[in-house]
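Okay, so here's the structure we're looking at.
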Amino acid sequence: MGQNNIVSLLIAGELTEDFIIDLNGKARNRVAGGSGAYACAGARFWNDRIGLISRAGKSFPEEWLTQFRKKEIDTHGVLRLAQDYDQRRHFFWRENDAFTNDNPILGYARYGLTFPHELLGYAPVKLETIDQMWKNTSPRLNPTFPQEYLDAKAAHIAPISFPAQVKLLNLLQKGSLNTITLSASDDAMIPEVISELPGILSGLFAFFATEKQLISLYKNKAWNVWEMAMDLAAMGTSIIVIHRGDKGYWLYDRNSQKKYSLPFYPTRWIDPTGIKDVFAGSFLAKFKQEYAPIDAFLYSAAAASVAVEGTGPFYLLDSFPGLIEARVEVLKNMLSTV
């Protein structure tokens, strides 16, 4: 890694092989995806020194990693595993914020689409499989892992599994990173885990979760979502961002004790795959540019609104110059305090 290419921002997350049926009923088969890929795309829009920490099974296409490198995303932190893991994911989008993934035949049959032979034998991934892929996070066990990664200034941990996220957070906190953000994994957002969250959130600058995840976490409490957000912030996190699907976003700033509401930018949704990860990666990278959380909030919402208009993590990066800025100007007038 040359001196001019020193990584300043890390993204840790999954790499997957996606089979998508979008909201128009079109099949997008064998698309490089995963929470890590989409978060990288969001971050790369503002930062050209991104490093990806991930796992790739034996048969994961090398040409897809080459695509990342062509987008100037460093992949030395991707551990190529000796064994093969099923990294296929299926998304049959029924609504803007709702997909099914348990029976891939259903979506292809509904639209009269040819069923891809690569999806034969597919079943939704088990958390145990993900944990197995991420069981070792020590750089000593990955000879290609650059020690320089631990000198980066910021990192985002995308959804993987809760145990894997905890391991990665412990690893990253050993370095010189001063800003870490994390998007909630579903297995962390249950009442049985809430006692473990203070030890996690106290080391974060921002925490991203969906409204559904918060309701799941606090299902034993008769609280509204803002009370849930404030409770999480009290555990030590400065910013709580709540994804509300096509209704937009809420943000709670613990330092100012302000609540913000931002509708989703009005656009036609085509493929929502990965938009929460695009938002989170973009938020961190933009925040590190100007250290203004509300500006990062607006720019990330604009980036996500572009991402839903196409398929794949890098659709955003191919958008024409000025589009994000134009949408930010619109979103500024839509932002309100609660």
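What follows draws every value from the coordinates through simple rules; no lab data is involved. These numbers come from a predicted model, not from an experiment. Every residue, glycine as well, gets a Cβ built from its backbone with ideal geometry; the counts of neighbours run over all protein chains shown.
Assorted remarks:
- Looking at region 1-153 alone, DSSP beta bridges between its own residues are antiparallel in about 35 percent of cases.
- Given charges at beta-carbon only (K, R positive; D, E negative), |dipole| of region 160-267 in Debye: 200 debye
- Choice from 122, 111, 260 showing the highest fluctuation, given a GNM over the chain with Cα pairs closer than 10 Å: 111
- Comparing 285, 98, 56 in a Gaussian network model of the chain (Cα springs below 10 Å), the most mobile by mean-square fluctuation is 98.
- Taking the centroid of alpha carbons for each part, region 45-110 and region 294-338 are 22 Å apart.
- DSSP beta bridges in the chain [antiparallel fraction, %, rounded to 5]: 40 percent
- All distinct Cα pairs of the chain go into the 1/r average, and the inverse of that average, the Kirkwood radius, is 20.1 Å.
- Lysines whose Cα lies under 19 Å from that of residue 276, excluding same-chain neighbours fewer than 8 positions away: 212, 247, 286, 288
- Magnitude of the charge dipole, region 179-338, Cβ model with Lys/Arg +1 and Asp/Glu -1, debye to 20: 380 debye
- Beta bridge orientation in region 50-133: antiparallel %, DSSP, nearest 5: 35 percent
- Other residues lying with their Cβ under 14 Å from the Cβ of residue 253 contribute a combined charge of +2, Lys and Arg counting +1, Asp and Glu -1.
- Summing charges over neighbours of residue 72, with a neighbour being any other residue whose Cβ is under 9 Å away from its Cβ, gives +3 when K and R count +1 and D and E count -1.
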